[in-house]
Amino acid sequence: MERETLNFVIVGHVDHGKSTLIGRLLYDTQSLSPQKMEEVERMSKELGRDVEFAFVMDHLQEERDQGITIDTAQTFFKTDLRDYVIIDAPGHKEFIKNMITGASQAQAAVLIVDADEGVREQTRRHAYLLAMLGLEQVAVVINKMDLVEFGQERFDAVTAEVTEFLGKVGVRPLQVVPISAKEGDNIAVRSEQMEWYAGPIVLEVLDRFRLPVRPEGKPLRLPIQDVYKVDDRRIWVGRVESGIAEPGQEVVFLPAESETRITSVERFLEPPLEKAEAGESVGITLADPLFVERGQIACPPHSRPRVTDQVRANVFWMSKRRMEVGENLRIKCATQEVPAKLTRVLRRTDSSSLDVISEEAGELKNNEIGEVLIETREPIAVESFYDVPELGRFVLVRGNDVVAGGIVTK
């Protein structure tokens, strides 16, 4: 029987111990080679430190020198239940785009908080972004309990603080676990220093995460990524985001409104498939010689996404250069990309405190949340993020830079 694999991301404020936690997880699950441990021990000794598990992930010399995670890295370990892919996302506010990239690939998240420092700016900002990205499975670990003498009172205070903020953004943590990543307390082995804690330890919490159920009961949504010509055939390729694609199925391509029928579903160098389910990347051939290009969305004629040139959305602005209402941008949603502009900012919100900065604003600044109206130059096919996330999640681009991420709310 094929083993399950779950992707999860670890996020939190800079220096709260993400990389150390990952290094400890790999060490305690015997996922590190002897050569890697020798390398980590050597690097730690050269810097005059005890063994630094963070070096397992912070593989760039610049990161070692500065003590921060710059890029999004992935690594692997396993428990008796399943295999895991850990996505280590940067905590520093200068690398928020990298954090979003990492979190968008995850099926669950661990939010790490320093027991001594408590909830900080990036803790709250990352929590909001997890909610915006639709990550419903979130666990919290209160790290560095060794710095607060493993005290239950401090753990309870930080737990109350972080769960209150998570509640404001609609996230209910699966579990809050007191740990010391450096010392190994409550990671793979229950801590003798915190006998007052009777809940699951980190590895047990990870095993309680559920694998997402494929959205097969929903209508077909197949964004076209590219078109290939193989011999005398044209093959349209893309990823099935929801529903099922199968031969004989009637489809319409939006926004073009071109109707036809799928004649085959295929994978490269494999026999034709009986069907393709949500999450699978496939090629399809069509009964009619239509002009269907990248960005079109295949769906059933009787159950279509909305084709519109105006959407209401929540966006997270992440450019140091502010956004002014009416400036020219581009919106990328699934494989669609069209010119767009923000015509109204209905509300500006501080992403750290969630305090409303102003109503009916003319701009958005770095790390602010905006409830906005977006107008596109050409119609696009979209859905509410809460119905089909893949057609409700987008980025805004200025020049060659991604300057905002957002979700369609209406």
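The values are calculated or read from the model by the stated rules, or taken from the named source; none is laboratory data. Because the structure is predicted, anything quoted here is derived from the model rather than measured. Positions of Cβ are generated from backbone atoms using ideal geometry, with glycine treated the same way; all protein chains shown enter the neighbour counts.
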Subject >> Wholly within the range 330-410, strands (runs of 3 or more DSSP E) carrying at least 3 residues that are more than 21 Å from the chain's Cα centre (by Cα) and touching a residue at least 60 places away in the same chain (Cβ under 8 Å) >> reply: 368-382
Original post:
Which one of the conditions (1) assigned to a loop (DSSP other than H, G, I, E, B); (2) closer than 17 Å to I22 by Cα does G134 fail to meet, given that it meets all the rest?
Top reply: (2)
Original post:
Given the structure, is F155 among the aromatic types (F, W, Y), over 17 Å from S353 (Cβ atoms) and out of contact with any His (no Cβ under 6 Å at 6 or more places or on another chain)?
Top reply: yes
Subject >> Close pairs (9 angstrom Cβ cut-off, 6 or more residues apart or separate chains): without any contact (Cβ under 8 Å) to a residue 40 or more places away in the chain and in the same structural domain as I244 (by TED's automatic domain parsing) in the range 292-304, buried (at least 23 other Cβ atoms within 10 Å of the Cβ) and part of a loop (DSSP other than H, G, I, E, B) anywhere >> reply: none
Original post:
In this structure, is K229 not acidic (D, E) and not in a loop (DSSP other than H, G, I, E, B)?
Top reply: yes
Original post:
Exactly one of (1) of a type in the set (D, E, K, R); (2) assigned by TED's automatic domain parsing to the domain that holds D83; (3) crowded, with 18+ Cβ neighbours inside 10 Å is unmet by E241. Its number?
Top reply: (2)
Subject >> Matching residues in the range 255-286 - criterion: being over 17 Å from G243 (Cα atoms), of a type in the set (A, V, I, L, M, F, W, C) and surrounded by 14 or more Cβ atoms within 10 Å (Cβ to Cβ) >> reply: A256, L286
Original post:
In the range 142-194, which residue that is within 14 Å of D114 (Cα to Cα) and small (G, A, S) is nearest to the chain's Cα centre (by Cα)?
Top reply: A181
Original post:
Which residue, of G217, G248, is under 32 Å from the mean Cα position of the chain (by Cα), assigned to a loop (DSSP other than H, G, I, E, B) and outside the structural domain of E390 (by TED's automatic domain parsing)?
Top reply: G217
